[in-house]
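Here is the structure we will look at.
No lab work stands behind these numbers, since they all come straight from the coordinates. These numbers come from a predicted model, not from an experiment. Neighbour counts run over all protein chains shown; Cβ positions are idealised from the backbone, glycine included.
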Amino acid sequence: MTSNPRIPFRMTTERPRLAPPDGRPLIVHLVVNVEHWQFDQPMPRKMLTAPHGVESVPDVPNFSWAEYGMRAGLPRLIALFAARGLPASCSLNAGVIEAYPSAAAAIRDAGWEFIGHGMHQRSVHGEKDEGAHVRATLDTIRAFTGIRPRGWLSPGLRETYDTPDHLKAAGIDYVCDWVLEDLPCWMTTRHGPLIAMPYTLELNDSPIYAVEKHASPEMHRRLVDTLAALEPELRRGPIVLSLGLHPHLIGVPHRIGYLARMLDLLTARSDTIFMTGSRIADWYAAVEPPPA
């Protein structure tokens with residue numbers, strides 16, 4: 001039995017050399033996760049534990065933690081990227097469109113690519129009909145933007161055994177849940193090949209700040225160390241470097257400056273290209289077409 005039922009195993013050194021886009025091998029994908037935490041439900045994650053461990057709904061402090069990102073953190077991220085002319089992808093809970101209409105409009109007006117991220121911030125395992133849930137998410141975003149999303153990132157990166165099949169059947173071209181490579185891979189589904197798009201748990205503000213609870217400079221420090229380690233590998237061929245961002249985590253005042261330093265560090269390099277998920281997918285499909 002193979003180790004992975006969807007993506008055949010190969011080490012990075014076994015992969016063919018791929019021509020980098022525009023001759024620049026460091027492909028940076030900025031992914032901003034914009035989520036709808038439902039006020040009348042238990043919170044997906046907690047910053048502040050309940051007194052005596054007695055959980056309650058509504059959970060005002062943890063709901064407010066997330067909503068701060070929608071009110072204050074998101075505008076900071078939009079301004080930061082706009083000032084540098086950088087493209088971004090937004091994995092969006094489609095429920096944001098109704099719950100935070102001005103925020104959704106600001107993302108659309110900023111030109112960010114919309115990626116499906118479920119309706120609300122909860123695992124797809126709780127959906128009675130996963131295929132219908134995927135379609136409803138994509139239809140809601142298309143009705144708002146006029147464009148049906150080509151990408152998907154599951155809430156919490158959680159999938160059922162059938163998620164890739166539902167995504168491909170719904171017309172999705174790439175999924176960001178499989179954080180197992182620095183380059184895209186082709187994965188098998190019942191409806192044809194699907195791109196597994198590189199994402200990250202290592203340069204992701206949720207594990208770093210909400211789970212591991214590191215100090216504010218940690219994400220910047222990791223990027224510096226990551227780039228140092230990637231230098232010899234970039235001479236061999238392209239690498240996708242993703243930054244996983246959440247407005248309520250990286251968008252707070254004591255962290256946003258470190259993100260600005262990270263972006264300036266990347267933009268100062270001559271070998272770097274910033275691309276959205278769809279642009280990366282199109283590049284990859286051209287240089288390594290799907291298997292027959």
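Some points to look at:
- Two-decimal log10 I(q)/I(0) for region 107-244, as the Debye equation yields it once each C-alpha is a single scatterer, q = 0.15, 0.22 Å⁻¹: -0.85, -1.33
- Geometric extent, Cα atoms of region 19-287 - Rg, Dmax (angstrom): 18.0, 57
- Hull volume per residue, based on the alpha-carbon atoms of region 56-132 and their convex hull, is 110 Å³.
- Counting DSSP beta bridges with both ends in the chain, the antiparallel % (nearest 5): 10 percent
- Between T160 and L180, residue separation times 0.36 nm minus the direct Cα-Cα distance comes to 5.5 nm.
- Residues of type lysines that K168 reaches as a straight line, Cα spacing below 22 Å, ignoring anything fewer than 8 places off in the same chain: K128
- Highest mean packing first, where packing is the average number of other Cβ atoms within 10 Å per residue, the peptides 192-205, 156-169 line up as 192-205, 156-169.
- Phi angles of region 278-287 translate, via the Karplus equation with coefficients 6.51, -1.76, 1.60 and θ = phi - 60°, into HN-Hα couplings of 5, 5, 5, 4, 5, 4, 5, 4, 6, 8 Hz per residue; Gly and Pro are given as x.
- Helix-derived mean residue ellipticity, 222 nm - over the chain, DSSP H n ≥ 4, -39500 (n - 2.57), to 500: -10500 deg cm²/dmol
- One decimal place: the segment A210-A83 gains 43.0 nm when fully extended, by the rule 0.36 nm per residue minus the C-alpha distance.
- Extension reserve of the H52-Y68 stretch, reckoned as 0.36 nm per residue once the Cα distance is removed: 3.2 nm
- Cβ-based net charge around G277, under 14 Å, with every Lys or Arg adding one and every Asp or Glu removing one: -1
- Length-normalised contact order for region 19-287 - Cα pairs under 8 Å, 6+ apart - percent: 28 percent
- Under 19 Å from the Cα of K213 - lysines, other chains or at least 8 residues apart: K46
- Two-site label geometry, R269 and V60: point separation in nm, points 7 Å out along Cα→Cβ: 4.6 nm
- Remark: region 17-26, residue by residue, has Karplus-estimated 3J(HN,Hα) of 6, 10, 6, x, x, 6, x, 10, x, 8 Hz, where x stands for each Gly or Pro and the curve is 6.51 cos²θ - 1.76 cosθ + 1.60 at θ = phi - 60°.
- For a label point 7 Å along the Cα-to-beta-carbon line of I147, residues of region 166-183 with backbone N under 18 Å: 171-176
- 5 angstrom amide H check on F114, placed H, neighbours 5+ away: C90
- For S242, nonlocal amide neighbours, meaning residues 5 or more places apart or on other chains whose placed amide H falls under 5 Å from its own, are H29.
- Over region 1-122, Cα pairs under 8 Å with separation of 6+ residues give a relative contact order of 29 percent.
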